[in-house]
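One structure is given here, and the rest of the page talks about it.
The values are calculated or read from the model by the stated rules, or taken from the named source; none is laboratory data. As the structure is a computational prediction, the values presented were derived from the model and not from experiment. Using ideal geometry, Cβ is built from the backbone for each residue, glycine included, and neighbour counts are taken over all protein chains shown. Surface accessibility is based on the protein's heavy atoms, side chains included, excluding ligands, DNA and RNA. Shrake-Rupley method; radii C 1.70, N 1.55, O 1.52, S 1.80 Å.
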Amino acid sequence: MRPLRFATASLAVAALALPLMTGVATADPSPDRAAAPHSNATFDRLRAAAPEGFVVGTAVAGGGHHLSQDYPDPFTYDREYRKILARQFSSVSPENQMKWDYIHPERDRYDFAQADAIVEFAERHDQVVRGHTLLWHSQNPEWLEKGGFSKEELRAILREHITTVVGRYAGRIQQWDVANEIFDDQGRLRTQDNIWIRELGPGIVADAFRWAHEADPAAKLFFNDYNVESVNAKSNAYHALVQDLLAQGVPVDGFSVQAHLSTRYGFPGDLKDNLRRFDALGLETAVTELDVRMDLPESGVPTAEQERKQADYYRRALEACLAVDGCNSFTIWGFTDKYSWVPVFFEGEGFANVMTDDFDRKPAFYALRDTLKAAKKAENR
Ligand code: XIL
């Protein structure tokens, strides 16, 4: 039995145990009866299929690449999208809406509108929230990157940002990605492209965790990165750093793997072992941004074999997390191809999510659902 850490998750499970919810506590979206086209029966939902205490999440589309497409903030207006978001998931991650360039667009101005809306939506639907992210080399506003600030000013700016943003949502965020992608693939700290580490030295990372903890002692504080699914130079660097920080009493709670996978490469078969070695340090672990992209044939339509392979990757990533005691949060980076970042960032690749543009479920969706069900059944035995 997994330790049941989060009251909201258990509430969600309790609510979903009611046969076909009648809209209680779900003023928005509208009740099940209206949702004809895609079966939304309770047993069919990812969040209901999950074992107790295990949350299944998705990124919430908006900001970032969306702004350059004709769908700048799908979360705010796509009704069907919102319905599925509420029905299927027990955790949400703002895809861009809590990043520096979005939430802190000018030095003396924060824009909390979308982040607030996501947190409120989550509370209405008994979902937990993963905050993303506080210290990163990317998606920083120009006023910050090009501001010519002194070291003292930069330190004060970071401290103020963390205190303000984490403090605003104190008690309402389950996990924060405090530091995102601080190592390169060789396991070297990003001392050039990360403004904080470049200007203030590696010690700033520990301070970021301390400030976040002060602002919200209840939030679990994470390191998050890509290409750390396997045991490799980069994940080794985290493994060493975390031990060092824990020995100094720095409040680090978790290590998470983004898991932006591609069927071009083999599945990282040692994912479970890798998560386990962080678990052994006393950390929580999580899968935070899973998607599985592929090279699209000229027709743009993947073959049945490609879909099968993709489903297999989704299933194995979920199984790895389920097999690790402290891995209780599993998030996919969006659920529909319609709003995926993949075609915008990886030329010729796509079809990375568990639903099509029209929200039709792919084999990958059923792979997740059936794997969750099997885990729940095994737990109840
Ligand atoms: C991506 C978003 O999906 C895009 O909308 C945005 O344009 C760029 O960032 N690692 C992360 C995420 O930690 O924040 C990134 O999200 C994907 C890679």
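Filter region 96-129 for residues that are touching a helix residue (DSSP H, G or I) at 6+ places or on another chain (Cβ under 7 Å), open to solvent by 40 Å² or more (accessible area, probe 1.4 Å), under 16 Å from V166 (Cα atoms) and not aromatic (F, W, Y) and give the result.
D111
Looking at region 180-194, which of the residues that are within 23 Å of A286 (Cα to Cα) and within 16 Å of the ligand (Cβ to nearest atom) is surrounded by the most Cβ atoms within 10 Å (Cβ to Cβ)? It would help to see each step written out before you state the result.
So the first thing to find is which residues in region 180-194 are within 23 Å of A286 (Cα to Cα), and the list is 180-190.
From what's left, within 16 Å of the ligand (Cβ to nearest atom): 180-185, 190.
On the way: N180: 23, E181: 22, I182: 26, F183: 22, D184: 19, D185: 13, R190: 16.
Result: I182.
May I ask you to say which residue of K376, K362, K338 is touching a helix residue (DSSP H, G or I) at 6+ places or on another chain (Cβ under 7 Å) and under 27 Å from Y77 (Cβ atoms)? First the steps, then the outcome.
On the way: K376 fails: under 27 Å from Y77 (Cβ atoms); K338 fails: touching a helix residue (DSSP H, G or I) at 6+ places or on another chain (Cβ under 7 Å).
Being touching a helix residue (DSSP H, G or I) at 6+ places or on another chain (Cβ under 7 Å) and under 27 Å from Y77 (Cβ atoms) holds for just one of K376, K362, K338, which is K362.
What are the pairs, 6+ residues apart or on separate chains, where a residue within region 56-70 that is open to solvent by 20 Å² or more (accessible area, probe 1.4 Å) has its Cβ under 6 Å from a residue that is within 6 Å of the ligand (Cβ to nearest atom)?
Pairs that qualify, where the first residue is open to solvent by 20 Å² or more (accessible area, probe 1.4 Å) and the partner is within 6 Å of the ligand (Cβ to nearest atom), are G64/N96.
Looking at region 134-236, what helices (runs of 4 or more DSSP H) fall wholly within it and have at least 1 residues that are in contact (Cβ under 8 Å) with a residue 12 or more places away in the chain and among the small types (G, A, S)? Spell out the reasoning first.
On the way: elements: 142-145, 151-168, 195-200, 203-215.
So the answer is 151-168, 203-215.
Evaluate the following for T285: is it in contact with an Asp or Glu (Cβ under 9 Å, 6 or more places away or on another chain), under 24 Å from N96 (Cα atoms), buried (at least 18 other Cβ atoms within 10 Å of the Cβ) and not aromatic (F, W, Y)?
Working: in contact with an Asp or Glu (Cβ under 9 Å, 6 or more places away or on another chain): yes; under 24 Å from N96 (Cα atoms): yes; buried (at least 18 other Cβ atoms within 10 Å of the Cβ): yes; not aromatic (F, W, Y): yes.
For T285, the condition - in contact with an Asp or Glu (Cβ under 9 Å, 6 or more places away or on another chain), under 24 Å from N96 (Cα atoms), buried (at least 18 other Cβ atoms within 10 Å of the Cβ) and not aromatic (F, W, Y) - is met.
Output the helices (runs of 4 or more DSSP H) that fall wholly within region 51-106 and possess 1 or more residues being away from the ligand (no atom under 15 Å from the Cβ), or say none.
Answer list for region 51-106: 74-77, 79-88.
Within region 240-273, how many residues are farther than 19 Å from Q186 by Cβ, of a type in the set (D, E, K, R) and open to solvent by less than 60 Å² (accessible area, probe 1.4 Å)?
Within region 240-273, the subset farther than 19 Å from Q186 by Cβ is 243, 245-254, 256, 259, 261-264, 266-267, 269, 271-273.
Narrowing further to those that are of a type in the set (D, E, K, R): 253, 264, 272-273.
Those still in the list that are open to solvent by less than 60 Å² (accessible area, probe 1.4 Å) too: 253.
So the answer is 1.
Can you tell me which residue is least open to solvent (accessible area, probe 1.4 Å) among those in region 335-378 that are among the charged types (D, E, K, R), more than 16 Å from the ligand (Cβ to nearest atom) and assigned to a helix (DSSP H, G or I)? Reasoning before the result, please.
Filtering region 335-378 for residues among the charged types (D, E, K, R) gives 337-338, 347, 349, 357-358, 360-362, 369-370, 373, 376-377.
Filter once more, keeping what is more than 16 Å from the ligand (Cβ to nearest atom): 357-358, 360-362, 369-370, 373, 376-377.
Filter once more, so that each one left must be assigned to a helix (DSSP H, G or I): 369-370, 373, 376-377.
Working: R369: 30, D370: 72, K373: 78, K376: 58, K377: 140 Å².
Ranking the candidates gives R369 first.
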